[in-house]
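Here the structure comes first, spelled out in structure tokens, and everything after it is commentary.
What follows is calculated from the coordinates using simple rules that are stated; it is not laboratory data. What you see is a predicted model; the values in this text were computed from it and never measured. Note: ideal-geometry Cβ built from the backbone for every residue, glycine included; neighbour counts use all protein chains shown.
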Amino acid sequence: NMTEEELRRRFRPEVVGRFDEVITFHDMDLDKMRGVAATVFEPIRVRMLDNGVDVKLSQAALDQLARLATEDDLGARRLNRAIEREIVNPLARAKNRDMLPTDQAVEVDFQDGEFKFSGVCAKAMERIADGD
């Protein structure tokens, strides 16, 4: 196949002979990455639910996470970082400052170029963004 031909062209035969197997990875499209984003977010959602916060992602938030993960070659690593930075960290700051009551349902949406949080959480996020 094309990959093995390319390896043979670039490396000496004794180097190619050391490879047990060659696995080709293909770029993921936005639909597939959206599924990956939902899968990666699920254990985080369960962990937050265990802490009394029911977090749901809107379709727009899920789409943005998928877009972030398909922007470059970092893929899922970038996805994990985006989830932590944009969703988990702000919620953790609100929770640590007692600004987020337990047994809350929070929907995370993506509007006007930023992630937004619904309900009581929205007010807490505004206070955190203002430096409170």
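Computed from label points 7 Å out along Cα-Cβ, the spacing between residue 58 and residue 92 is 2.5 nm.
Straight-distance candidates among the lysines for linking to residue 116, with alpha-carbon spacing under 21 Å and chain neighbours fewer than 8 residues away dropped: 56, 95.
Each label point was placed 7 Å from the Cα along the Cα-to-Cβ direction; for residue 5 and residue 39 their separation is 3.1 nm.
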